Structures are given as structure tokens and as C-alpha cells.
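The values are calculated or read from the model by the stated rules, or taken from the named source; none is laboratory data. Just so you know, these numbers come straight off a predicted model, no measurement behind them. Note: ideal-geometry Cβ built from the backbone for every residue, glycine included; neighbour counts use all protein chains shown.
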Amino acid sequence: MTDLGLLAGSGWASGINLYAVTVILGLFGRLGWADIPEVLTRTDVLIVAAVLYSIEFVGDKIPYVDNLWDVANTVIRPLGAAALGVVLAGDSESIGAAMGGLVAGALALSAHSAKATTRAAVNTSPEPFSNSVVSIAEDGLASGLTVAAIVAPIPTLIVVVLLVLAGGYVTVKLWGTVRRMLRRNRVRLRTPPAES
């Protein structure tokens, strides 16, 4: 059950920010604070993840650039989470590597869908600050959930179940809102201005 909590927490958080999750897992393992597979504690892995996190940190604050980044990461985050799941579950007796990859990848896809839909809705706001606020909140959520998955995996598992349910609800609701706004904008663009 402990292994499942770590997989669930890091998998879901990877759907929000794969690179932050990788850095946190690697640092916890490197500092001896948690039993993390050695491959994640390697210097080259930590450097690459930290550089990618830095790029995401900046790009995620810029309206519409964040949407392009999310499109690119639609494949990267779930696959990266699946790879983390395979590595984390590799030595687990209760969860096989393939099942670990499947669980982490599916949870990352769920979180990524909620994130991408939320960001598309936020980008409809005319002011640019909401993007930065949402991005910082997402980074905090991903980092906090990863740390929680390491130190308290069972409660984290419960939190992840609630996040999946909430994320599914938000995705459905916001996607409908985004579609309505896009339709309104298309109609507005097609309608010629009134003559005075």
C-alpha cells in the first residue's frame, strides 16, 4: 500500500509538473531522506530535470505559451510518469513494474487533462496575472503532493483519489466553458461591425 501511495502521488503530480517531481524524488534519494531508486539520484538526471523545470517555470507564466507547452507535454508527462512508475515499482514486491508504469501514466494523464483545460480557461481572462498565480499554485501542488507521497503515502493515496474525481469534474465543466467562449469569439469575428 505504501508503494501505491508513492506511485499515485508522484504519478498524479507528474501530470502537473513532471520535472519538479523528478527533481524532488532525486534530491530526497540523494540526501538519504527516502529510499528512491539510484537512477533518479544521478547528477545528469537531476541536472536535465532541473533545466527542464526552469524552462517550464518561465514558459508556464506566459499566456498561450503555456498552452503550447501543455500540448507538447500531453505525451511527455504521461510517458515520463509511466517511466517514473516503472522505476519506482521496479523493486516493489506488491506492484510490478508494468503495473506501476500504467498507474502512474494514467494518473498523470488525468492530472494533465485538468491542468491543460484549466489553463485554457484562465487564458480567456484579459489580465495576465492570473496565469502566474495559477502556475505557482500548480507548482506548489505538484511539489507538495510529491513530498507527501514520500513521507505519508497512505494519506496521499486518498488525496489523489479525491484529486482525480475533482479533476474530472473540473475538466468537463471548464471544457464546456472554453468551447462556449471560442464559439462566441468566432461569431463575433464573423459579424461585420455596425455601420454608423
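Say whether the condition of being in contact with a Pro (Cβ under 9 Å, 6 or more places away or on another chain), buried (at least 19 other Cβ atoms within 10 Å of the Cβ) and farther than 18 Å from residue 145 by Cα is met by at least one residue in the stretch 77-89. Yes, there is a match, as at least one residue in the stretch 77-89 is in contact with a Pro (Cβ under 9 Å, 6 or more places away or on another chain), buried (at least 19 other Cβ atoms within 10 Å of the Cβ) and farther than 18 Å from residue 145 by Cα.
When 26, 5 are screened for being part of a helix (DSSP H, G or I) and closer than 22 Å to residue 154 by Cβ, only 5 passes.
Being over 21 Å from residue 66 (Cβ atoms) and among the β-branched types (Val, Ile, Thr) is the requirement here; does residue 154 meet it?
Yes: the conditions hold for residue 154.
Here are some residues: 142, 152, 98, 121. Which one is touching a Gly at 6+ places or on another chain (Cβ under 8 Å) and of a type outside the set (Phe, Trp, Tyr)? After ruling out the rest, the residue left standing is 152. Any residue that is among the basic types (Lys, Arg) and modelled with pLDDT under 90 - is there at least one of those in the stretch 119-140? There is at least one residue in the stretch 119-140 that is among the basic types (Lys, Arg) and modelled with pLDDT under 90.
Output the residue which, of all residues in the stretch 155-172 that are β-branched (Val, Ile, Thr) and modelled with pLDDT of 95 or more, is surrounded by the most Cβ atoms within 10 Å (Cβ to Cβ). Ranking the qualifying residues of the stretch 155-172, first place goes to 156. Among the candidates 92, 110, the residue that is at pLDDT 90 or above, under 16 Å from residue 9 (Cβ atoms) and hydroxyl-bearing (Ser, Thr, Tyr) is uniquely 110. For the stretch 121-135, a residue qualifies if it is without any contact (Cβ under 8 Å) to a residue 12 or more places away in the chain and surrounded by 12 or more Cβ atoms within 10 Å (Cβ to Cβ), and the qualifying residues are 125, 130.
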